[in-house]
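Quick notes on the structure that follows.
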Amino acid sequence: MLKKINVRDARLGMFITEICGNWMDHPFWKKEFELDKQKDLDTLQLCGIEEVWIDTIKGLDVERHPPVAAKEENISPETVVSEKKADQHIPVQEEVQRAQKVHFKAKRTTAFMFKEARMGNALQTGEAVELVDDITQSVARHPGALLNFARLKNKDDYTYQHSVAVSALMIALGRQMGIEGDMLRSLGIAGLLHDVGKMMIPEDVLNKPGRLTDEEFEIVKTHSLLGWKILKESHDVDATVLDVCMHHHERVDGMGYPDRLSGAALTLPARMAAVCDIYDALTSDRSNRRGMPPSEAIRKMAEWQGGHLDQTVFHAFVKTVGIYPTGTLVKLKSGRLGVVADQAPKSLLTPIVKVFFSTRINEPIFPELIDLSKVPDSIASVEDPADWKLDLKTMAGI
Ligand SMILES: [Fe+2]
Ligand SMILES: [Fe+2]
């Protein structure tokens, strides 16, 4: 539907069909375009134009529910989500389609860059920068949409898809920790390129079904240094990206590889990468095992913090993805089965769940979004989709 709006109400994700006024009064040369860059939004709002036409079918509408100032209530610190970012999200359903496009482009671009690396060519990081900006915008609009796609992987393309997922997780975690600007972009690029050294590992070792021998594991471990060498020879790769590539398998107790770093020598980006890398690896299906449900991975990682993972970073990570991350299959006390569709702004324990099945009558029910912070129902258990013969891919469209 076409709608004329004041430029003050313009926001990223809208589809502009016409800018009102003389074309010489503004710098936009295209008549119709998606408003997907912050600098374009800033220009639009500052160039003196007052009104634009938008198409609400092709893009977002004006904000219908302006965020209301959150009230402080007695909620324990560990369940409070950082409100600074959480309150600014659009509903996840509005971001799903765009996130899918970003994810598709990200997989394709990453596969191309990694194949160039395999052939011994220096990486052209310009494409990575552009891609990371797209990922950052999607995550800023709603982190759950892209992270949900990023968990779904084909076994064949694992390394590329894992790289995209770690990039999105690094950006979401960075935002949660108050990091922005160039540093946030570096974290995203670091996530995307951290495993580029795997391109130099023989495929029969990298994709071996079953357990690696000690000798094979030593070969895989060289990917940190091999990746660092590839990036060192490429243009415009900053120190953070190099550091994360070399040190994303270090542990806070000094038992990681390749340098057994600990204490101050282990930088914040490397600590962040370790958390994001492990979470994505645990929740992904591999050739030799099925991925864990996200909430199970969080529970497992909680046992490792202190020795393996940085505690502060891990706590920020849990606030980022939730105790019941989006996409988790849960059974409610009412007997209804549903998928976590979104995180609640205030409590990690009461997410928004899309219910679709009643275990009491053993039949599907009309799908419905339920905000557990507002109804007298709660999560009874986390369920394995395989036990219910459910396909997570069909659930990604929440
Ligand atoms: Fe790695
Ligand atoms: Fe990795």
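Quick check on the range 273-287: of everything there that is over 17 Å from residue 224 (Cα atoms) and surrounded by fewer than 21 Cβ atoms within 10 Å (Cβ to Cβ), which residue is nearest to the chain's Cα centre (by Cα)?
As a first pass, look at the range 273-287 and keep what is over 17 Å from residue 224 (Cα atoms): 279-280, 282-287.
Filter once more, keeping what is surrounded by fewer than 21 Cβ atoms within 10 Å (Cβ to Cβ): 282, 285-287.
On the way: 282: 15, 285: 17, 286: 19, 287: 23 Å.
Ranking the qualifying residues of the range 273-287, first place goes to 282.
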Open item on the list: Looking only at the range 350-365, how many residues end up being touching a residue at least 12 places away in the same chain (Cβ under 8 Å), more than 15 Å from residue 380 (Cα to Cα) and of a type in the set (Val, Ile, Thr)?
Closed with: 1
Open item on the list: If I filter the range 208-216 for residues that are in contact with a Ser or Thr (Cβ under 6 Å, 6 or more places away or on another chain) and either surrounded by fewer than 11 Cβ atoms within 10 Å (Cβ to Cβ) or at negative phi (or both), do I get at least one hit?
Closed with: yes
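For every residue, the table says whether it meets (1) touching a helix residue (DSSP H, G or I) at 6+ places or on another chain (Cβ under 6 Å); (2) open to solvent by 50 Å² or more (accessible area, probe 1.4 Å); (3) over 27 Å from residue 149 (Cβ atoms).
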{"residue": "200", "(1), (2), (3)": "yes, yes, yes"}
{"residue": "225", "(1), (2), (3)": "no, yes, yes"}
{"residue": "256", "(1), (2), (3)": "no, no, yes"}
{"residue": "264", "(1), (2), (3)": "no, yes, yes"}
{"residue": "271", "(1), (2), (3)": "yes, no, no"}
{"residue": "289", "(1), (2), (3)": "no, yes, no"}
{"residue": "293", "(1), (2), (3)": "no, no, no"}
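Going by the structure shown, is residue 170 under 20 Å from residue 281 (Cα atoms) and either touching a residue at least 40 places away in the same chain (Cβ under 8 Å) or touching a strand residue (DSSP E or B) at 6+ places or on another chain (Cβ under 9 Å) (or both)?
Working: under 20 Å from residue 281 (Cα atoms): yes; either touching a residue at least 40 places away in the same chain (Cβ under 8 Å) or touching a strand residue (DSSP E or B) at 6+ places or on another chain (Cβ under 9 Å) (or both): yes.
The answer is yes for residue 170.
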Open item on the list: So, in the range 235-254, exactly how many residues are over 23 Å from the mean Cα position of the chain (by Cα) and buried (at least 21 other Cβ atoms within 10 Å of the Cβ)?
Closed with: 1
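Scan the range 298-330 for residues that are among the charged types (D, E, K, R) and open to solvent by less than 40 Å² (accessible area, probe 1.4 Å) and jot them down.
To start, the set of residues in the range 298-330 that are among the charged types (D, E, K, R) comprises 299-300, 303, 310, 319.
Answer for the range 298-330, where residues must be among the charged types (D, E, K, R) and open to solvent by less than 40 Å² (accessible area, probe 1.4 Å): just 310.
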- [ ] Using the structure shown, decide if residue 230 is without any contact (Cβ under 8 Å) to a residue 24 or more places away in the chain, within 16 Å of ligand 2 (Cβ to nearest atom) and over 30 Å from residue 316 (Cα atoms).
- [x] no
TODO: Inspect all residues belonging to the range 179-192 and state whether any of them is in a helix (DSSP H, G or I), within 16 Å of ligand 1 (Cβ to nearest atom), small (Gly, Ala, Ser) and modelled with pLDDT of 95 or more.
DONE: yes
Open item on the list: For the range 232-255, which positions are part of a loop (DSSP other than H, G, I, E, B) and either farther than 17 Å from residue 273 by Cβ or among the small types (Gly, Ala, Ser) (or both)?
Closed with: 233, 234, 235, 236, 254
Task: Test result for residue 267, touching a Pro at 6+ places or on another chain (Cβ under 7 Å) and of a type in the set (Val, Ile, Thr) - done: no
TODO: Check off (1) open to solvent by less than 10 Å² (accessible area, probe 1.4 Å); (2) modelled with pLDDT of 90 or more; (3) more than 19 Å from residue 171 (Cβ to Cβ); (4) not aromatic (Phe, Trp, Tyr) for residue 111 and give me the number that stays unchecked.
DONE: (1)
Open item on the list: When you scan the range 277-285, do you find a residue that is within 16 Å of ligand 2 (Cβ to nearest atom), more than 25 Å from residue 206 (Cβ to Cβ) and in contact (Cβ under 8 Å) with a residue 40 or more places away in the chain, even just one?
Closed with: no
TODO: Just name the residue that is modelled with the lowest pLDDT out of those in the range 371-398 that are under 25 Å from residue 292 (Cβ atoms) and open to solvent by less than 30 Å² (accessible area, probe 1.4 Å).
DONE: 396
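Looking only at the range 162-177, decide whether some residue is more than 15 Å from ligand 2 (Cβ to nearest atom), farther than 16 Å from residue 241 by Cβ and in a loop (DSSP other than H, G, I, E, B).
So in the range 162-177, the residues more than 15 Å from ligand 2 (Cβ to nearest atom) come out as 171-172, 174-177.
With the extra rule that they be farther than 16 Å from residue 241 by Cβ, the set shrinks to 172, 175-177.
Subset that is in a loop (DSSP other than H, G, I, E, B): 177.
Taking every residue of the range 162-177 in turn, at least one turns out to be more than 15 Å from ligand 2 (Cβ to nearest atom), farther than 16 Å from residue 241 by Cβ and in a loop (DSSP other than H, G, I, E, B).
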- [ ] Would you tally the residues in the range 187-201 being closer than 14 Å to residue 247 by Cβ and within 12 Å of ligand 2 (Cβ to nearest atom)?
- [x] 6
Open item on the list: Which of the numbered conditions does residue 292 fail, given that it passes all the others? Conditions: (1) within 18 Å of residue 381 (Cβ to Cβ); (2) in contact (Cβ under 8 Å) with a residue 12 or more places away in the chain.
Closed with: (2)
Task: All positions within the range 202-221 that are under 27 Å from residue 268 (Cα atoms) and within 16 Å of ligand 2 (Cβ to nearest atom) - done: 217, 219, 220, 221
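Is it the case that residue 224 is within 16 Å of ligand 1 (Cβ to nearest atom) and not aliphatic (A, V, I, L, M)? Walk me through it before giving the result.
On the way: within 16 Å of ligand 1 (Cβ to nearest atom): yes; not aliphatic (A, V, I, L, M): yes.
Yes, satisfied.
The values are calculated or read from the model by the stated rules, or taken from the named source; none is laboratory data. Keep in mind that what you see is a predicted model, and the values were worked out from it rather than measured. Note: ideal-geometry Cβ built from the backbone for every residue, glycine included; neighbour counts use all protein chains shown. Note: accessible area is taken over every heavy atom of the protein model, side chains too, but ligands, DNA and RNA are not part of it. Shrake-Rupley method; radii C 1.70, N 1.55, O 1.52, S 1.80 Å.
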